[in-house]
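Written below as structure tokens is the structure these notes are about.
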Amino acid sequence: MTTTFPDVTISTDRLVLRPFEEEDVTALTEMMNDENITAWTCVPHPYTRADAHGWATRHSHTERTEGRGIVFAVTEFLTQRLVGIVHLQNTNWRTRATEVGYVTAPWARGEGYASESVLAVARWLFREQGFERLELRTAADNTASQQVAQKIGCISEGVLRNAWIVRTQNAAGTWTDTRTDLIVWSLVPEDLDDPDGYGDYGDYDGYDSYTAETAGAVTAAGSAGTARAERADANGRPVGADRN
């Protein structure tokens, strides 16, 4: 039984998803120091150039070679600029299931890059790798990441209570850990067969659903578009909002 993903590049109309390279270090350092990524993930803060170099040249590649998953650097097709990360992780080769996380650079949000890249990976995963389940976990207050999940056709399955820690910043600029719930989403092959389950990529982008070993630290991130959004229920809707 194969227990590693192939070393591949995936292309869409606007994006190229490829392995990380040393040339990505500067852009990766800048992206991962964004305050929203700091808030929703457990990446080191500040995220140093050494952290980025370790991730781009070693850790992201061992995710694949050691069978845990695969990491894609998401770049613009026309400019080759780094716009984000898509990471398959916690892969179960027996059940053919894995978890996806993603981050989007601040300058690239609002273009639909997160949904476009995650959907491209999901299609590749199901249609070429024979997987049966893709899972996504979003912090309860991270509505932008939840919108990405909904946009690509994910189904909300429930809530893991007190399962994650986010960081909040006070007026003095100090970050404090705060415990929160996680919403669990899933995508299975038949979801992609539903023409109403996904469509255009929309303008959702986030940064809070991504988990990876980054220079010795376990990081969980994903996608989000606002520094702090209202609390959402298990269906991804803001609490108190109109459900119709």
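So which chymotrypsin sites (Phe, Trp or Tyr not before Pro) in the stretch 1-92 pass both tests, a DSSP loop state and at most 14 other Cβ atoms within 10 Å of the Cβ?
Loop-located and lightly packed - F77.
In the stretch 83-153, what trypsin sites (Lys or Arg not before Pro) fall in a loop by DSSP, with at most 10 other Cβ atoms inside 10 Å?
Within the stretch 83-153, the qualifying trypsin sites (Lys or Arg not before Pro) (loop, at most 10 other Cβ atoms within 10 Å) are R94.
For the stretch 16-57, build the convex hull from the C-alpha positions and give me its volume per residue in Å³.
Normalising the Cα hull of the stretch 16-57 by residue number yields 77 Å³.
How much area per residue is accessible in the stretch 1-53 when the probe is 1.4 Å and only protein heavy atoms are counted (Å²)?
Heavy-atom accessible area per residue stands at 49 Å².
Using only alpha carbons, build the gyration tensor for the stretch 112-184 and give me the equivalent ellipsoid semi-axes, biggest first, whole Å.
One finds semi-axes of 29, 15, 10 Å for the stretch 112-184.
Which GluC sites (Glu not before Pro) does the stretch 42-100 hold that lie in a coil by DSSP with at most 14 other beta carbons within 10 Å?
Here the GluC sites (Glu not before Pro) that fit, given the DSSP loop and packing criteria, are E66.
In whole percent, and with a 1.4 Å probe on the protein chains, what portion of the accessible area of the stretch 63-159 is carbon and sulfur?
Percent of accessible area from carbon and sulfur atoms in the stretch 63-159: 43.
Can you give the Rg/Rh ratio of the stretch 1-111, where Rg is from the C-alpha atoms and Rh is the Kirkwood radius?
Reported Rg/Rh, Kirkwood definition of Rh: 0.96.
Quick one, what does Rg over Rh come out to for the stretch 44-176 if you take C-alpha atoms and the Kirkwood Rh?
Ratio value, two decimals: 0.97.
Magnitude of the Cβ-charge dipole of the stretch 64-153, K/R +1 and D/E -1, about the Cα centre, nearest 20 debye?
Roughly 200 debye, rounded to the nearest 20.
Give the distance, in whole Å, between the Cα centre of the stretch 99-170 and the Cα centre of the stretch 1-55.
15 Å
The values are calculated or read from the model by the stated rules, or taken from the named source; none is laboratory data. Keep in mind that this is a model prediction, so the values were computed, not measured. Don't worry about glycine lacking a Cβ; one is built from the backbone with ideal geometry, like all the others, and counts go over all protein chains shown. Note: areas computed on protein heavy atoms with side chains; ligands, DNA, RNA excluded. Shrake-Rupley method; radii C 1.70, N 1.55, O 1.52, S 1.80 Å.
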